[in-house]
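The values are calculated or read from the model by the stated rules, or taken from the named source; none is laboratory data. Treat the numbers as computed from the prediction; the structure is a model and nothing was measured. Here Cβ is always computed from backbone atoms with ideal geometry, including for glycine, and neighbour counts include all displayed protein chains. Accessible surface is based on the protein model in full, side chains and every heavy atom, while ligands, DNA and RNA are left aside. Shrake-Rupley method; radii C 1.70, N 1.55, O 1.52, S 1.80 Å.
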Amino acid sequence: MAKRVKIRVFRYNPAHDTDARYDEFEVEAERWTTVLDALLYIKAHKDHSIALRYSCRMASCGSCGMLINGIPRLACYTKVYELGSDVVTCRPLPNFPIIRDLAADFTAFFAKHKSMKPYIINEVAESIDGREFIQKPEEVEKYLQFSYCIKCGLCYAACPTVATDRRFPGPQALAQMYRYLIDSRDKATDERLRIVDDRHGVWRCHFAGSCSMVCPKGVDPALGIQLLRAYLLGMNRDSKVVAELYRREPK
Amino acid sequence: MKENREGIKGWLNPTRYGANRFAYWLQRLTGLGLLAYFIAHVIETSNIVYGKNAWEKMLAVTQTTEGHIVLMVVIGMCVFHAANGVRLYIAEHGKGIGRPGRPEYPYKPTSLGLGMKACIWVSVALAALAMMYGAYVLFGEV
Amino acid sequence: MVRESSIMKIHYYTGLAAIVLVAIHILFRLTVPEGYSASLEYENVIANYKNISYSLVLELILVTVAIHGFNGLRVILLELRQGDGWESAVKWLCIAGAVAVIVYGTRTILLASMMG
Ligand code: HEM
Ligand code: HEM
Ligand code: SF4
Ligand code: FES
């Protein structure tokens, strides 16, 4: 059973518009139609000049984040029906500069991710000599969930601190800092704690939980940030033992 | 416009993103309210050093219906801020927020589980009870 | 430079201490046998200030709550705007605010406890 919905699309080109406007389109939505489907239909049949970013259409690439009816969501992971409204308003993600229309600029967001050193730091791991780290399932589970992050920026758009604090790394970056800190292969614990123990670091999180509310991958960045802060406060210090390299004997 | 930061509007709206965001909003509001009261209160009590007359003049201004309503609000703010502050103290030390695992659809975040939500509403309820008791004491005498 | 974690630990501990101290303070309003408004009468309040251990509690409330409250204000202002000039202004404003309240309140406590 299809229903007709009105899609309102935010239109703004900083290069020559002084004001933003909404363009409205009537679209036929089936129960399985996603907001991305609707936008691509509009782009194909009604107005091909709308700028938006997408790639995988299956909540894996993290490109299609936008503000849909006031909440940051992935357009490809949000069905028109589940919004329970005949009007669907699409805006670019807040807290990101606007490139054009629904396309947001992720430069600062990715720079903050990089400033967390999102890689294993361990000089032993550099020696590729056939040896490998062995991790128990419990050790993997300490960081696995955080490594599911697809860098879609929904959490960054929802965070009240990011809304005003340009120097705050944001939920995505801080959760990744915890992901590497608690990985038993990583040795840079002190360096990592120094980076986030800053006037604009982990302390500017007040556990408003909005990041975890909108995360489409179950990363629960708020959990990562509280565990990071707890570690900094000296809690759970025994939860990390740096792993040794083992040579796997051929059977 | 181009920056598109949500700005202070993002702080001021407690209706999106559930109970934790509401608690964040109320913790800030009550923190600032208590700070304002605290400063006014230190100024108010300083009248004592100017003798009985000055003290009673101050009481004539503050021990009024309006003054009692302000005190009720202060009591409510105090109780919510303290109770929620203890919750934040515990959560920010990594307790009571679950542990990471293998997320399964529909990906309910453990950190926003029932425990935290219950603590928030209990804090609100305690504040309401304290305000009622305060009203009973303040208005009950006259 | 003071570490942010040291400042925020102080924020937690002053907050926790405030619960106990403010509770004592409010109980002093409720435990006067003649009732709440009697607890605010001049003679009773002066007697409170002359009680050394209770005036010590008042001084402790003054110091812990001033530090906690002005640090809370600092946190909010730092999140509101950034820039080296603003951040150093916020820091000094909050230190000055806390010191001013503590000095003014301590003056009251000292003078009131010496009044006859
Ligand atoms: C009674 C016991 C109290 C406790 C347990 C407590 C606890 C806390 C905690 C844990 C925070 C940090 C919240 C966070 O990290 O997000 C906080 C913030 C704050 N508190 Fe308190 N507090 C108490 C009393 C007070 C009082 C009496 C004042 C007023 C002078 C006050 C003013 C503030 C302010 C202005 C903030 C900043 C708000 C924010 O960061 O959003 N607090 N409090
Ligand atoms: C129910 C509300 C309150 C009432 C009726 C009240 C009343 C008073 C009175 C009569 C005094 C003089 C000393 C005494 O007899 O205890 C006083 C002093 C004081 N109160 Fe309160 N108070 C209240 C709440 C608070 C709260 C919530 C705080 C902390 C945030 C606070 C902080 C102080 C401080 C620091 C002093 C000492 C001030 C000085 O001598 O400089 N009071 N209060
Ligand atoms: S933590 Fe979740 S919401 Fe944030 S960027 Fe990663 S996947 Fe997206
Ligand atoms: S298109 Fe890849 S996440 Fe939506």
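Summary table
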| read-out | value |
| --- | --- |
| Filter pass, A:Arg100 being within 17 Å of the chain's Cα centre (by Cα) and basic (Lys, Arg) | no |
| Residues satisfying the stated conditions in region C:9-51, i.e. of a type in the set (A, V, I, L, M, F, W, C), at the interface with chain B (Cβ under 10 Å from one of its Cβ atoms) and not in a helix (DSSP H, G or I) | C:Leu40 |
| Failed criterion for A:Tyr143 (all others in (1) in contact with a Lys or Arg (Cβ under 6 Å, 6 or more places away or on another chain); (2) of a type outside the set (A, V, I, L, M, F, W, C); (3) within 19 Å of C:Glu4 (Cα to Cα) hold) | (3) |
| Residue among A:Phe25, A:Phe10 that alone is farther than 22 Å from A:Tyr148 by Cβ, open to solvent by 10 Å² or more (accessible area, probe 1.4 Å) and not in a loop (DSSP other than H, G, I, E, B) | A:Phe25 |
| Residue match in region A:43-54 (condition: surrounded by 14 or more Cβ atoms within 10 Å (Cβ to Cβ), more than 18 Å from A:Lys6 (Cβ to Cβ) and away from ligand 3 (no atom under 16 Å from the Cβ)) | yes |
| Listing of helices (runs of 4 or more DSSP H) fully contained in region A:159-240 that carry 1 or more residues being open to solvent by 10 Å² or more (accessible area, probe 1.4 Å) and within 16 Å of ligand 1 (Cβ to nearest atom) | A:210-214, A:221-232 |
| Number of the exception - A:Gln135 against (1) open to solvent by less than 60 Å² (accessible area, probe 1.4 Å); (2) more than 16 Å from ligand 3 (Cβ to nearest atom); (3) in contact with a helix residue (DSSP H, G or I) (Cβ under 8 Å, 6 or more places away or on another chain) | (3) |
| Residue list for region B:5-26, restricted to those being facing chain A (nearest Cβ under 7 Å) and out of contact with any Leu (no Cβ under 8 Å at 6 or more places or on another chain) | B:Arg5, B:Glu6, B:Gly7, B:Gly10, B:Trp11, B:Arg16, B:Tyr17, B:Arg21, B:Tyr24 |
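One line per residue, one yes/no per condition, for (1) in contact (Cβ under 8 Å) with a residue 12 or more places away in the chain; (2) closer than 20 Å to C:Arg29 by Cα; (3) surrounded by fewer than 19 Cβ atoms within 10 Å (Cβ to Cβ):
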site: C:Ala47; (1), (2), (3): no, yes, yes
site: C:Ile67; (1), (2), (3): yes, no, no
site: C:Leu80; (1), (2), (3): no, no, yes
site: C:Trp92; (1), (2), (3): no, no, yes
site: C:Leu111; (1), (2), (3): no, no, yes
